Amino acid sequence: MTSFFRKQTNDSLIDQLIYDGRIENERCIAALRQVDRKNYVLKRNKSSSYYDQPFGIGYGATISAPHMHAMTLELLKDDLNPDLKDDPISVLDVGSGSGYFTAAMGVLVSKNGSVVGIEHIPELVEFGINNIKKGNPELIEKAIIKIIEGDGRLGYQENAPYDVIHVGACAKNGIPEKLIEQLKIGGKVVIPVEKSSGQQYLEYGIKKKNGKLIISQICGVRFVPLTSKKKQLRLF
């Protein structure tokens, strides 16, 4: 597969992700075409928006590489499809950062669902909201998405339980218990987890009736840590 490719338009970026086999589902492809990455990076990275690489967005946070976002959407394709659900879909995006992936999930559930982004750096809350207002304003205007300030490790009880919880930073000591508690039976969580070896893996968990997760390791990854606001700012 091609890695770290450089494209000049959002459509050519998505075309390459399709060619590389990172994403196949038509709804997910359409969502990524609708959410232009250029609207979700810092000014200094605008000319490189369509490169397959992560970028810093300040305060120790990043926007992940496009292939990671594509792969994660593909994992969650059925869980983010309102036509396959009897009830409105509820999603939590922990570490919503730039708002890019929050917006992509918002597009997918927009028929009757909602996405809450949670971010503990107030400047990043504002950054994410402003990016969505600029790139995909209907998601804010129709209250499909809201981004709130808080410690994502504790989840967001007000909108629980969730069909999907996505975490955009790496948990060192396993999946936070509060997130597991706030997941619906049959709900899915996608989260990077660091093992005792120091290696990070993207994990995909399904909550069973006994409240436990059945976890699959998807691939090795490299993410910034899921940590406290104080420690994150120290890294910055």
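The values are calculated or read from the model by the stated rules, or taken from the named source; none is laboratory data. Only a predicted model underlies this, so the values are computations on that prediction, with no experimental measurement involved. Please note: Cβ atoms are built from the backbone with ideal geometry, for glycine as well, and neighbour counts cover all protein chains shown.
Okay, here's what the table says:
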| read-out | value |
| --- | --- |
| Test: residue in region 66-85 that is farther than 19 Å from F4 by Cα, part of a strand (DSSP E or B) and modelled with pLDDT of 95 or more | no |
| Residue identified as assigned to a loop (DSSP other than H, G, I, E, B), farther than 20 Å from E119 by Cβ and of a type in the set (S, T, N, Q) among S216, S196 | S196 |
| Residue in region 102-111 that is of a type in the set (S, T, Y), over 24 Å from I23 (Cα atoms) and crowded, with 21+ Cβ neighbours inside 10 Å present | no |
| Single condition L80 does not satisfy, out of (1) over 14 Å from the mean Cα position of the chain (by Cα); (2) closer than 16 Å to G187 by Cα; (3) crowded, with 18+ Cβ neighbours inside 10 Å | (1) |
| Condition check for S49: polar (S, T, N, Q), under 23 Å from C170 (Cβ atoms) and surrounded by 19 or more Cβ atoms within 10 Å (Cβ to Cβ) | no |
| Tally, over region 41-64, of residues that are in contact (Cβ under 8 Å) with a residue 40 or more places away in the chain and either β-branched (V, I, T) or under 18 Å from E203 (Cβ atoms) (or both) | 4 |
| Residue check, D93 at pLDDT 95 or above, over 23 Å from E141 (Cβ atoms), in contact with a strand residue (DSSP E or B) (Cβ under 7 Å, 6 or more places away or on another chain) and acidic (D, E) | no |
| The listed residue being surrounded by 24 or more Cβ atoms within 10 Å (Cβ to Cβ) and in contact with a Leu (Cβ under 8 Å, 6 or more places away or on another chain), out of G56, G97 | G97 |
| Test result for V193, modelled with pLDDT under 95, β-branched (V, I, T), farther than 18 Å from D79 by Cβ and in contact with a Gly (Cβ under 7 Å, 6 or more places away or on another chain) | no |
| Pairs, first farther than 11 Å from L73 by Cβ in region 27-38, second buried (at least 17 other Cβ atoms within 10 Å of the Cβ) and small (G, A, S), C-beta under 7 Å, six or more apart | D36/G135; R37/S49; K38/S49 |
| Only one of F127, F101 that is under 16 Å from V190 (Cβ atoms), part of a helix (DSSP H, G or I), touching a residue at least 60 places away in the same chain (Cβ under 8 Å) and not basic (K, R) | F101 |
| Residue among I118, I132 that is within 16 Å of Y162 (Cβ to Cβ) and in contact with a Phe, Trp or Tyr (Cβ under 9 Å, 6 or more places away or on another chain) | I118 |
| Matching option when the condition is in contact (Cβ under 8 Å) with a residue 60 or more places away in the chain, surrounded by 14 or more Cβ atoms within 10 Å (Cβ to Cβ) and β-branched (V, I, T), among I144, I165 | I165 |
| Candidate set: region 11-56, residues that are touching a Phe, Trp or Tyr at 6+ places or on another chain (Cβ under 6 Å) and part of a helix (DSSP H, G or I); chosen: the one farthest from I218 (Cα to Cα) | N45 |
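Quick grid of which residues meet (1) farther than 20 Å from P122 by Cα; (2) free of Cβ contacts under 8 Å to residues at least 40 places away in the same chain; (3) surrounded by fewer than 22 Cβ atoms within 10 Å (Cβ to Cβ); (4) over 17 Å from the mean Cα position of the chain (by Cα):
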{"site": "E149", "(1), (2), (3), (4)": "no, yes, yes, no"}
{"site": "E177", "(1), (2), (3), (4)": "yes, yes, yes, yes"}
{"site": "L183", "(1), (2), (3), (4)": "yes, yes, no, no"}
{"site": "V189", "(1), (2), (3), (4)": "yes, yes, no, no"}
